[in-house]
Amino acid sequence: MICSCYAQNQLEKMSQLKDSQSGETMVVRRNEVCFRSAQWKLTETDGQLGLADMVLRNFLYSKVNNNDDSGAHQLEVGWFKMTNLLPNSLYKDVLVPRDPLGKGHLDRQGALRIFSRDKAPVGGINVKEHFEVNVVPLTIQLTYKFFKTLEAFFFQKNENEEGSDAMPTKSKTRQGSIRKQTSANINTQQRGSEGSSDDVIKMRARAATNNTFIYIKIPEVPVKVSYKGEKEKNIVDITDFTFVLPTLEYHNQTWTWQDVLNAIKGESKKVIVSQAIKQKLHMKSRFYDEEVHLSSAQQEEDKAKMLLGAKLMAATEKPGNKKTLFGKSNK
């Protein structure tokens, strides 16, 4: 019995070796997660204070793993809504898709689609060969406090990374202590070896959070946004401002997911500022055209006064002094 199991195991290893040598990519696992409706509540670490409430409908996620550690991910959401649960918030409905073709269209066609095709990791860093996000027109109502709260929730800072900048100074002080105190040489070497092992762990953790994006694409999205800054009155405060976020494409970038978010945020700021300036200039030019039209009419009236006389123009403008065909006025 043991010999037969060993022989079968060897045969499986040989078949896997042949498949890897042949260079053909084969699917070894496929996972899918789907549900009709779900509600996700984001809270603080103690679970007492609610941050946001997320509602998802018609959720579908699929993952494919290949024999060479490559794979693909696909996410589809029929409808979603994010609500702000922070107290004393100006806006409650933070993120809601707009349905341009009528009620129920989004549930059938999908409001959000995310696709990612991955290559095999290189040096512990995931490689995204193609990453694309498709989303329907959105309505976003956001405050500075809510954005910073969610950013801290999803992208928590690592205490080891915060203290990594102080590592070189510590190593220098240790070297100085070695020169002055030879009796502490063994203990210092042990600490140095522990520090090097900690550095390796930190490097691996950083590599795990990074992704190499060969190609990122986000097609253009019409957005209606309202934003309230940190203070009571801010230059960046906007209300129901409609703009079109153009197609975003990035190539060969090694980023974390927070870096991707910051890149999209930076492009959105540029577009909002440029389109806001264009709208203001358009309004000013339209107001100037109206003023020019009024000034030209005033000039024509001045010319008529010069030719016919001010008294005659004033007499013609009075309704009681209108003369008939026989020269008599109507009273």
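Taking segment 26-45 only, how many residues are modelled with pLDDT under 85 and open to solvent by 80 Å² or more (accessible area, probe 1.4 Å)?
1
Can you work out which of the residues in segment 56-89 that are in a strand (DSSP E or B) and under 22 Å from Tyr227 (Cα atoms) is most open to solvent (accessible area, probe 1.4 Å)?
Once the filter is applied, the top-ranked residue is Lys81.
Pairs, please: C-beta under 9 Å, at least 6 apart or cross-chain, first residue more than 24 Å from Gly110 (Cβ to Cβ) and touching a residue at least 40 places away in the same chain (Cβ under 8 Å) and in segment 45-71, second open to solvent by less than 40 Å² (accessible area, probe 1.4 Å) and outside any strand (DSSP E or B)?
Listed by first residue and then by second, the contacts come to Leu51/Leu86; Leu51/Phe146; Leu51/Thr149; Leu51/Leu150.
In segment 214-235, what count of residues is obtained for those that are touching an Asp or Glu at 6+ places or on another chain (Cβ under 9 Å) and in a strand (DSSP E or B)?
10
Hey, any hits in segment 107-118 for a residue that's within 19 Å of Lys224 (Cα to Cα) and at pLDDT 90 or above?
Yes, segment 107-118 contains a residue that is within 19 Å of Lys224 (Cα to Cα) and at pLDDT 90 or above.
Looking at segment 230-258, which of the residues that are open to solvent by 50 Å² or more (accessible area, probe 1.4 Å) and closer than 16 Å to Phe147 by Cβ is modelled with the lowest pLDDT?
That would be Val236.
Out of all the residues in segment 194-213, is one or more at pLDDT 50 or above, under 30 Å from Glu230 (Cα atoms) and not basic (Lys, Arg)?
Yes: one or more hits.
How many of the residues making up segment 111-151 are of a type in the set (A, V, I, L, M) and under 16 Å from Asn210 (Cα atoms)? Break it down stepwise before answering.
Residues of segment 111-151 that are of a type in the set (A, V, I, L, M), as a first pass: 111-112, 114, 120, 122, 125, 127, 133, 135-136, 138, 140, 142, 150.
Checking which are under 16 Å from Asn210 (Cα atoms) leaves us with 120, 122, 125, 127.
The qualifying residues number 4.
The values are calculated or read from the model by the stated rules, or taken from the named source; none is laboratory data. All of these numbers come straight from a predicted model, not from anything done at the bench. Neighbour counts run over all protein chains shown; Cβ positions are idealised from the backbone, glycine included. What goes into the accessible areas is simple: the full protein's heavy atoms, side chains included, and nothing from ligands, DNA or RNA. Shrake-Rupley method; radii C 1.70, N 1.55, O 1.52, S 1.80 Å.
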